[in-house]
Amino acid sequence: MYLVSSLNMPQTKSAKKALRQTTKKTQRNLLVKKNLNYLLRNFKKALENDNNTKIEEFSKKLIKSLDKATQKNVIHKNASARKKSRIMKKVNQNKK
């Protein structure tokens, strides 16, 4: 369950708790990042197929999940802003 080697096992009670918290947060963050990658893949597929309804749908979902990930400090706010900017740029290019 723990993501550390047996050489660096925590000794104190607070260090053990910190390790538990870190592993939970790491697993939660990985799930959020996997979801972001899944939505990004679907958005790119919709762009390739020129499916306007799917593009709108996935762009909204992607931006919403990017905002949530930023709020929970899973990704940096500037990285989120950069990705949202690129997404909207592609959406606007596709509308033309």
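Every read-out reported here was derived from the displayed coordinates using simple, explicitly stated rules and does not represent laboratory data. In this text the structure is predicted, and so the values were computed from the model without any measurement. Virtual Cβ from ideal backbone geometry, glycine too; neighbours counted across all protein chains shown.
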Taking the convex hull of the alpha-carbon atoms of the chain and averaging its shadow over every direction gives an area in square nanometres of 7.7 nm²
Among Thr53, Ile75, Asn42, the residue whose Cα sits farthest towards the positive end of the charge dipole of segment 36-96, when +1 is placed on the Cβ of each Lys and Arg and -1 on the Cβ of each Asp and Glu, is Ile75
For segment 6-56, the Cα convex hull volume per residue in Å³ comes to 72 Å³
Magnitude of the Cβ-charge dipole (Lys and Arg +1, Asp and Glu -1) of the chain about the Cα centre, nearest 20 debye, reported as 260 debye
Restricting to lysines and to Cα separations under 30 Å from Lys96, and discarding same-chain partners fewer than 8 apart, the set is Lys44, Lys45, Lys54, Lys60, Lys61, Lys64, Lys68, Lys77, Lys83, Lys84
